[in-house]
Amino acid sequence: MYPEYVPPIEQVWEAPVGAEVLAWSDKTGVEMFCVGDHVLGIQGHPEYTPDILLSLVDRLSSAHSITVSFAEGVKRQLEATGPDREFWLKLCRSFLKTAELA
């Protein structure tokens with residue numbers, strides 16, 4: 001049986017010295033962090049479009065990095081909701097506005 005998820009090698013496993021972890025998950029202890037109001041690190045790829053995400057899911061499934069059933073579930077979820085690009089846009093604009101005011 002193939003694992004449900006194989007973590008990528010390029011993950012950030014520890015926050016930089018002096019950083020505040022803003023978001024985390026069971027799979028990744030550092031999803032997002034900031035250092036004061038000047039640095040924002042985001043583990044994921046908010047720029048990914050639905051086409052990029054679907055292609056990635058297909059590639060991971062073909063390489064047996066995720067199971068077919070897991071891939072199908074991700075595709076259903078993506079088709080139902082899509083990536084929340086508006087959330088990421090608001091978050092990044094809010095961070096940049098804060099940095100400009102400092």
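Coordinate-derived values only; no laboratory data. Just so you know, these numbers come straight off a predicted model, no measurement behind them.
Here the stretch 27-91 is treated as a Stokes sphere of Kirkwood radius computed over C-alpha pairs; at 20 °C and 1.002 mPa s its diffusion coefficient rounds to 158 µm²/s.
Here the scattering of the stretch 59-100 is modelled by Debye summation over its C-alpha atoms, one equal scatterer each and no solvent; at q = 0.18, 0.21, 0.33, 0.34 Å⁻¹ the log10 of I(q)/I(0) is -0.64, -0.70, -1.00, -1.02.
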